[in-house]
Each structure stands twice: as C-alpha cells, then as structure tokens.
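One structure is given below, encoded as structure tokens.
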Amino acid sequence: MSAGYSPQGQSVQAAPSPPAWRELAATFCIAIAAIGSAPVLHLANPALAITIEVLIGIAIVVAVPTSAPAVAIFVLFFQNLFVSILSPLVPSRYPPISTSSRATISCSAP
C-alpha cells in the first residue's frame, strides 16, 4: 500500500448562498426594468422597441436562467398595468373629436 491521496479525511463546503430576499429583489428589478423599457422605447421607435426587447429577453435567459421563468410570469401579469400607467404619455396621432365637428346623419323615410 502506498501513502497516496485519500479524500476521506477532508470535507468540502459549498459557498453560502445569498438570502432568498436578495434573489427575489433582483428578479423583481430585472422584471420591472424589462417591462418599463418597452413602452418608453416604443415612444422612440416601435421597431427599435421590438428589437431591444427581444435582446433583453435573450440576455435574461443567458445571464440568469434560474430567474427567467419568474421574470416571464411577472411580465405577463403586469405588462398591461405598466402600459396603462404610461399610456397618457403617448402622443396621439389624431386630434380629439369634438361634438360640434361630428357629421350628423339623418335617415328619413320617403
């Protein structure tokens, strides 16, 4: 028998994981940034917004794959809320219709 390496006497400890609230806070921050950037980018250019949002989605899946499902669920649930909050900031392409400028259509029987 030789006096070689024997792993029986050694123990390997894993690095302590961060508290759960830190991971949860980071997931929410990523999700809020992903949702909030879409309407703001849409104001600048709709095609640019779609392209950037696809790249943000790919970056989330590559960088933090364990948080990607939670971010996707959060975005699906709260996307309309963010859009409704930011929609008054979107300029209208058409002027508002006033009641005095509406054409009146009358149908009279002969």
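The combined condition, being outside any loop (DSSP other than H, G, I, E, B), open to solvent by 50 Å² or more (accessible area, probe 1.4 Å) and at pLDDT below 90, is fulfilled by GLN8. The residue pairs whose first member lies in the stretch 28-48 and is of a type outside the set (Gly, Ala, Ser), whose second member is part of a loop (DSSP other than H, G, I, E, B), and whose beta carbons are closer than 9 Å, counting only pairs six or more residues apart or on different chains, are ILE30/VAL64; ILE30/SER67; PRO39/VAL90; HIS42/VAL90; LEU43/VAL90; LEU43/PRO91. Considering the stretch 57-105, and only residues there that are assigned to a loop (DSSP other than H, G, I, E, B), over 20 Å from PRO46 (Cβ atoms) and open to solvent by less than 100 Å² (accessible area, probe 1.4 Å), the residue that is modelled with the lowest pLDDT turns out to be ALA103.
The values are calculated or read from the model by the stated rules, or taken from the named source; none is laboratory data. Here the structure is a predicted model, which is why all the values come from computation and not from measurement. No Cβ is skipped: glycine too gets one built from the backbone with ideal geometry, and neighbour counts run over all protein chains shown. Each accessible area value is taken on the protein alone, full model and side chains, heavy atoms only, with ligands, DNA and RNA left out. Shrake-Rupley method; radii C 1.70, N 1.55, O 1.52, S 1.80 Å.
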